[in-house]
Amino acid sequence: MEEKSTTKKTKVIGTQEYLNTTTGELEEMQIIRMEDKDFDFEKIWLGQILAAIDEISNQKMRLLTHLLKIREKSNNAVIRTIRELQKETGVSKETICRTLMILEKNKIIRRKTGVIFISPDVIFKGSYHNRMRIVFEYQKIGKEQQEENIINFPTADQETGDILGVENQAA
């Protein structure tokens, strides 16, 4: 079993002069900062996942679990097409599209052409500073989507109920 650890990191920030109240002399001191650091922990925040769980069936849960397993740990990205996800999970194309819509609606993922980004507020592996970098990148994607007024949800044809845009997303 892989051992997880937390360590203290000491960082020298610089020097500063302080007045010694006993002698009245100015003395130069090193300024250090001690920080707790996480190493190689994988953190999951279940709140957002549990909020979406009512809308997720077994097939949808299989897809979510698969996404969490195959994501790039360095940036929480999954680079897969709909067809690749279908082959890897055995879940239908329609179920994949509906699941991605639910996950997006519940702010568990964001999508950009060909890439699914899993929120670092849901799962992340690495240090606090790396997580903050990914949080920033994730928020930037959200702002870009808002600015461009992009909606990635596939829509259903009102008459037939067929999901529109599935082929475009899978390409």
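Please treat every number below as a calculation from the coordinates, not as lab data. Quantities reported herein were computed from a predicted structural model and do not represent experimental measurements. Backbone-built Cβ (ideal geometry, glycine too); neighbour counts: all protein chains shown.
Quick notes on this one:
- Within the range 63-98, the set of residues being closer than 17 Å to Gly126 by Cβ and either more than 13 Å from the chain's Cα centre (by Cα) or of a type in the set (Lys, Arg) (or both) comprises Lys69, Arg71, Lys73.
- Residue within the range 111-129 that is closer than 19 Å to Lys43 by Cα, surrounded by fewer than 17 Cβ atoms within 10 Å (Cβ to Cβ) and free of Cβ contacts under 8 Å to residues at least 60 places away in the same chain present: yes
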